[in-house]
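A short worksheet on the structure shown next.
The values are calculated or read from the model by the stated rules, or taken from the named source; none is laboratory data. In this text, all values refer to a predicted model and were calculated from it rather than measured experimentally. Using ideal geometry, Cβ is built from the backbone for each residue, glycine included, and neighbour counts are taken over all protein chains shown. For the accessible areas, the whole protein counts, side chains as well, though only heavy atoms, and no ligand, DNA or RNA atoms are used. Shrake-Rupley method; radii C 1.70, N 1.55, O 1.52, S 1.80 Å.
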Amino acid sequence: MTLSKPRIFSNKLTLTLAVILMCYALLRVIALFQHQTVTLPGDYFSYHQKEVRYLCKGEGAPYVFFETGFGSDSEQTWSAIVDKLPSNITACYYDRLGHGGSDDVPRTFTTDDKAKLQEALIQHVAGDNPVILVAASYGGIIARRTIARAKLNLAALILLDSAHENQHAVMRGKLDPIPDFVKYWHYVDPIIGISDIKNIFKHYDSPIAQRLDQYYSSLSYAYVLSTYRNEKGFYTPLEEFNYDFGQLKMLVLSHDKEAYANNPRFSVVVDDWEEMQKSIAELSANSEHIVVKGATHNIPGDAPEVVIDKITETASMVVQPRQTQKL
């Protein structure tokens with residue numbers, strides 16, 4: 001009798017593990033069938049044998065070109081804004097490599113590489129037409145590197161709570177960058193499928209919400225995180241780039257500090273962030289720093305009407321001199 005107890009226990013353990021594995025396998029299969037491939041509208045641009053999805057609406061100049069923040073989705077961020085812009089200008093947004101409908105990003109792809117892709121796409125779409133570049137968060141860093149090469153017919157730059165080249169040094173100990181263990185988890189998660197299984201039991205109010213949940217639990221997003229974590233040059237201070245944008249029309253829109261009054265995680269850095277926004281505005285002698293009342297870091301989502309008004313106003317200033325010249 002004594003010898004049979006371990007055997008019974010062993011059989012129960014084996015059976016329990018078998019049931020768990022069967023349930024896990026079943027849930028993975030259900031998640032696989034639920035994981036729908038979504039075809040996004042737009043056109044494609046080939047860059048170094050990679051396909052980049054972009055979408056433009058409207059006709060005429062100037063061209064308004066949007067750059068998304070880190071980890072954000074261009075469709076979610078810009079589509080509603082683009083739909084409300086005047087139809088007599090051309091407004092375009094795109095998916096960086098690793099996002100949306102574009103191909104996966106190489107893990108060694110740097111911010112400079114992203115800026116070169118941005119520049120090539122703008123030239124492909126806009127040609128010699130004047131361009132207004134609108135960039136949110138990390139997209140502001142990409143945009144500044146593009147502008148520094150001075151190869152575009154750039155009429156204006158609108159920054160929406162732009163990231164700062166030296167922000168992680170300034171905010172060290174208060175709001176640190178994404179740690180490595182997060183990057184590693186995003187490689188493990190798609191393999192074992194924890195998030196995919198959890199998503200089976202979620203109710204989605206829109207197709208885009210489901211698509212983004214699928215994306216953030218994919219290897220594509222893990223590669224995007226790797227480009228961010230692997231890059232050391234991202235932390236180079238602004239002054240070391242020697243940026244000088246001369247008389248370029250610049251609007252630097254930043255969040256309202258009061259929007260984070262009840263958020264201990266972010267309220268400790270709002271003063272540092274405001275100083276960094278001011279230093280970005282100083283890159284041009286023709287800049288304006290605007291605090292968007294009530295808006296968090298997500299200015300496109302919190303205050304789309306402000307973004308639309310500033311783009312429309314800036315576009316009219318770009319077009320007007322050309323019309324006056326013809327008269």
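A few notes on this one:
- Heavy-atom accessible area with a 1.4 Å probe sorts VAL188, VAL307, largest first, into VAL188, VAL307.
- Apportionment of accessible area to carbon and sulfur, the chain, percent (1.4 Å): 56 percent
- Each peptide in 16-27, 80-91 receives the mean, over its residues, of other Cβ atoms within 10 Å, and ordering these scores from highest gives 80-91, 16-27.
- Counting only alpha carbon atoms, the long axis of helix 74-83 and the longest principal axis of the chain meet at about 40°.
- Most fluctuating residue given options TYR221, TYR47, TYR93, as computed from a GNM of the chain linking Cα atoms under 10 Å: TYR47
- The local environment of TYR260, defined by Cβ-Cβ distances under 15 Å, has a net charge of -3 under the rule Lys, Arg +1 and Asp, Glu -1.
- Here the label points at PHE241 and VAL38, each 7 Å from Cα along the C-beta direction, are separated by 3.1 nm in the simple model.
- Between ASP128 and ALA80, the contour length at 0.36 nm per residue exceeds the Cα-Cα span by 14.6 nm.
- Across LYS151/LYS249; LYS114/LYS257; LYS12/LYS202, pairs whose alpha-carbon gap is larger than 25 Å: LYS114/LYS257; LYS12/LYS202
- Cα centroid separation, segment 184-217 to segment 94-128: 25 Å.
- Antiparallel bridge percentage (DSSP; both residues within segment 39-115; nearest 5): 70 percent
- Cysteines having no other Cys beta carbon under 4.7 Å from their own, within the chain: CYS23
- Percent of beta bridges antiparallel (DSSP, the chain, rounded to nearest 5): 25 percent
- Overall form of segment 237-327: oblate. Here a/c, set by the Cα gyration tensor axes a ≥ b ≥ c, is 1.5 or more, and a/b is not larger than b/c.
- Alpha carbon centroid spacing (whole Å) that separates segment 22-64 from segment 131-175: 25 Å
- Estimated Rh, the chain: Kirkwood, alpha-carbon pairs, angstrom: 21.9 Å
- Charge tally for LEU248 (other residues, Cβ to Cβ under 15 Å; Lys, Arg +1; Asp, Glu -1): +2.
- Only protein heavy atoms count here; on that basis, with a 1.4 Å probe, LYS174 has an accessible area of about 100 Å².
- Dividing the helix sum by the residues of the chain, where each DSSP H run of 4 or more adds -39500 (n - 2.57), gives a mean residue ellipticity at 222 nm of -15000 deg cm²/dmol.
- In a fully extended conformation the segment linking GLU282 and ARG7 would gain 91.4 nm over its present Cα-Cα distance, using 0.36 nm per residue.
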